[in-house]
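The next block holds one structure in the form of structure tokens; read it before the comments.
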Amino acid sequence: MNLEQLQREVFDVIRQPLTASERMRKHTLDGRSTKEIVEKLIKPNDRLTSVERLEIYNRVYWFRILSSLADDFPGLRAVVGQRTFDKLITAYLTEIPSESFTLRNLGSRLEAWLRDNPKFTPKTERLALDMVRLEWADIDAFDRAELPKVAAGDLENLGEDPVLPLQPYLRLLDLAYPLDDMLLEVRRQNQEPEGDSDTASNIVIMEHAEKSPNKRVPLPKPKKVYLAVHRQENEVYFKRLQPEAFALLVALQQGKHLSEAIEASVNWTNQKVEFITVRLHDWFANWASLGWFCRQNLEREFD
Amino acid sequence: MPANRFNGNTDYGVGIGLRIPHYNHIFEKKPVVDWFEIISENFMVDGGRPLKVLDQILERYRIVQHGVSMYFGSAEPLNREHLRRLKTLVKRTKTPWLTDHLCWGSVDGRYSHDLLPMPYTFEAAKKTAQKIREARDILEVPIAVENVSSYAEYHVSEMTEWEFLSEVVEDADCGILLDVNNIYVSSQNHNFNPLDYVNNVPHERVAQIHIAGHSKYEKYILDTHDHAVIDPVWQLYSRAIELVGPTATLLEWDDRIPSFEEVHAEALKAKRFVPEKTAVAS
């Protein structure tokens with residue numbers, strides 16, 4: 001067995017989901033005996049069998065990635081409850097193992113996976129999906145690049161019909177529920193400020209910490225919310241937008257000229273163009289003061 | 001041999017890991033610290049608070065980068081995106097040397113996010129050394145590899161862990177980050193004498209030393225970095241200093257992190273084992 005074969009065999013075993021009692025499975029997902037596989041690879045010692053030794057890594061693997069996603073998605077946990085959250089996250093990570101060197105990106109494909117697997121959120125499908133979108137936007141907004149800002153006074157010098165790039169960290173979300181309020185409440189109850197723990201470390205995590213909120217946060221009733229997730233002085237904020245402003249920003253983010261963005265907003269909201277043009281100056285002054293316009297979009301995709 | 005080509009010919013003294021719960025204390029009190037070690041991956045981002053904090057720290061302190069996911073021992077090639085981001089960070093911090101672990105952790109582009117133990121084979125040593133050389137050529141900074149704590153051993157191993165470490169660093173011509181706590185943990189888990197390890201690595205290649213605490217369970221010990229350093233580990237440290245000479249030393253305390261003062265005081269105990277410099281008459 002060469003190095004590549006050995007590592008593939010070991011990795012296949014340690015990324016097998018744990019049993020309900022958080023032990024190594026007796027059989028792999030494709031029906032092979034775990035004991036037979038492991039005994040060929042790992043030596044026993046005077047205290048532990050081969051399986052018990054590799055089980056340490058099996059448990060550490062799951063406790064680490066579950067803990068990381070629990071830290072990143074407390075809102076989803078509050079929406080679906082701890083038990084569903086554990087099942088859902090385990091299924092997600094079993095099907096889509098991490099393909100990034102950093103745990104920061106562990107949840108990057110959760111939204112797409114959840115869309116394909118609504119069976120995990122039968123009564124809260126849209127709510128759960130929106131919460132994942134919001135929490136991922138929050139992660140993204142926290143450490144994406146910030147490019148040189150365009151000041152409000154400089155906007156007029158950009159020509160008649162400019163393309164106005166937006167900051168890479170700015171995320172625009174149309175939510176079916178007012179989840180910004182709910183997420184802030186969940187965080188308040190958890191008393192875990194955003195970004196309070198390091199993403200990467202080299203320690204062994206040997207506990208599956210269940211991090212339930214102190215009391216259940218009520219699920220909100222449906223209400224359309226248009227949200228900008230943005231950053232100011234290195235803190236992430238949620239800012240609600242009028243639908244017309246949201247549509248305009250989405251078009252600008254797509255690289256459209258200002259005139260096209262206005263048209264897109266009119267078409268999307270069925271508003272009269274005057275409704276938008278009379279508000280344009282105030283909107284742009286506000287967004288420029290928040291630093292949302294940047295000189296050029298140099299961002300490279302993170303992962 | 002405090003300064004050598006594997007640590008950028010520096011003499012850094014005793015440092016501690018830069019951790020979020022200590023940020024306020026560091027910025028407000030501006031304590032005197034020889035150096036901070038950062039986990040590279042926590043700062044390999046494009047912007048926001050992590051880089052702001054890092055820049056503030058760099059204004060006042062010396063930084064050394066320590067990575068957790070290069071996986072020199074994985075059979076697959078190095079991750080180019082990882083290297084690109086790491087090089088950007090190296091330019092920012094001007095780290096005199098850079099460390100990561102002698103382990104593997106990824107297969108087919110899928111990541112375990114763990115430090116998995118190597119099979120101690122000549123094939124693995126050769127492939128690992130080749131990847132270390134490649135990384136050093138790209139990053140243009142000396143690299144030192146750290147021995148990990150381990151909980152399993154492979155049937156295919158052809159040598160001891162310290163022989164494997166020696167084989168890799170000689171072939172790669174790189175440095176060693178000698179973690180004496182990891183040596184102790186592995187010695188208890190695998191029934192070997194930790195002094196054999198410390199006595200038999202190439203001492204001239206030791207660029208840095210790690211000390212830390214761990215957790216003892218009924219049948220094994222885990223590298224949890226959540227306690228003070230125990231006496232047997234200090235004894236290993238003492239022996240390492242005796243053999244290697246005063247060397248940049250770093251205390252790792254990553255879970256249940258106490259106050260800055262407590263962590264720093266624990267780290268500074270290392271100075272007890274460093275011989276006083278002899279004054280040279282001019």
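The values are calculated or read from the model by the stated rules, or taken from the named source; none is laboratory data. Worth saying up front: this structure is predicted, and the values here are computed from it rather than measured. Neighbour counts run over all protein chains shown; Cβ positions are idealised from the backbone, glycine included.
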Problem set entry | Selected residue [among the basic types (Lys, Arg), within 14 Å of chain B (Cβ to nearest Cβ) and under 17 Å from the mean Cα position of the chain (by Cα)] from A:Arg133, A:Arg109 | A:Arg109
Exercise. Given the conditions (1) part of a helix (DSSP H, G or I); (2) within 9 Å of chain A (Cβ to nearest Cβ), which single one is not true for B:Val68?
Worked result: (1)
For this session: All but one of (1) free of Cβ contacts under 8 Å to residues at least 60 places away in the same chain; (2) closer than 24 Å to B:Ser150 by Cβ hold for B:Phe72, so report the exception by its number.
Result: (1)
For this session: With the condition kept exactly as written, say whether any residue in region A:43-58 is of a type in the set (A, V, I, L, M, F, W, C), within 12 Å of chain B (Cβ to nearest Cβ), touching a Ser or Thr at 6+ places or on another chain (Cβ under 9 Å) and surrounded by 18 or more Cβ atoms within 10 Å (Cβ to Cβ).
Result: yes
Exercise. Among the numbered criteria (1) closer than 20 Å to B:Phe36 by Cβ; (2) of a type outside the set (Ser, Thr, Tyr); (3) within 9 Å of chain A (Cβ to nearest Cβ); (4) touching a helix residue (DSSP H, G or I) at 6+ places or on another chain (Cβ under 7 Å), which single criterion is violated by B:Lys52?
Worked result: (4)
Exercise. Take the residues of region B:4-48 that are within 26 Å of B:Lys87 (Cβ to Cβ), within 14 Å of chain A (Cβ to nearest Cβ) and in a helix (DSSP H, G or I): which is nearest to the chain's Cα centre (by Cα)?
Worked result: B:Ser40
Problem set entry | Residues satisfying the stated conditions in region A:31-84, i.e. within 30 Å of A:Lys123 (Cβ to Cβ) and not in a helix (DSSP H, G or I) | A:Phe73, A:Gly81
Exercise. For B:Val145, are the conditions met, namely being closer than 20 Å to B:Tyr197 by Cα, surrounded by 23 or more Cβ atoms within 10 Å (Cβ to Cβ) and out of contact with any Asp or Glu (no Cβ under 7 Å at 6 or more places or on another chain)?
Worked result: no
Exercise. Of the residues that sit in region B:207-266 and are within 14 Å of chain A (Cβ to nearest Cβ) and of a type in the set (Gly, Ala, Ser), which one is farthest from B:Val141 (Cα to Cα)?
Worked result: B:Ser215
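Given B:Glu158, B:Glu204, which one is surrounded by fewer than 24 Cβ atoms within 10 Å (Cβ to Cβ), over 13 Å from the mean Cα position of the chain (by Cα) and within 28 Å of A:Met1 (Cα to Cα)?
B:Glu158
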Exercise. Out of the residues in region B:94-120 that are over 19 Å from A:Tyr57 (Cβ atoms) and without any contact (Cβ under 8 Å) to a residue 40 or more places away in the chain, which is farthest from the other protein chains (Cβ to nearest Cβ)?
Worked result: B:Lys94
Exercise. Does region A:95-111 include one or more residues that are over 22 Å from B:Leu116 (Cβ atoms), assigned to a helix (DSSP H, G or I) and not β-branched (Val, Ile, Thr)?
Worked result: yes
For this session: Go through the residues of region B:79-93 one by one and say whether even a single one is closer than 26 Å to B:Gly15 by Cβ, touching a helix residue (DSSP H, G or I) at 6+ places or on another chain (Cβ under 8 Å), hydroxyl-bearing (Ser, Thr, Tyr) and more than 12 Å from chain A (Cβ to nearest Cβ).
Result: yes
For this session: Would you confirm whether any residue within region A:63-77 is hydrophobic (A, V, I, L, M, F, W, C) and under 30 Å from B:Tyr120 (Cα atoms)?
Result: yes
For this session: Pick out the one residue from B:Phe260, B:Phe273, B:Phe192 that is more than 30 Å from B:His25 (Cα to Cα) and in contact (Cβ under 8 Å) with a residue 24 or more places away in the chain.
Result: B:Phe192
For this session: Being modelled with pLDDT of 90 or more, within 14 Å of chain B (Cβ to nearest Cβ) and part of a loop (DSSP other than H, G, I, E, B) narrows it down to one of A:Ala141, A:Ala145, so name that one.
Result: A:Ala145
Problem set entry | Test: B:Val90 is of a type outside the set (Lys, Arg), surrounded by fewer than 21 Cβ atoms within 10 Å (Cβ to Cβ) and over 21 Å from A:Glu99 (Cα atoms) | yes
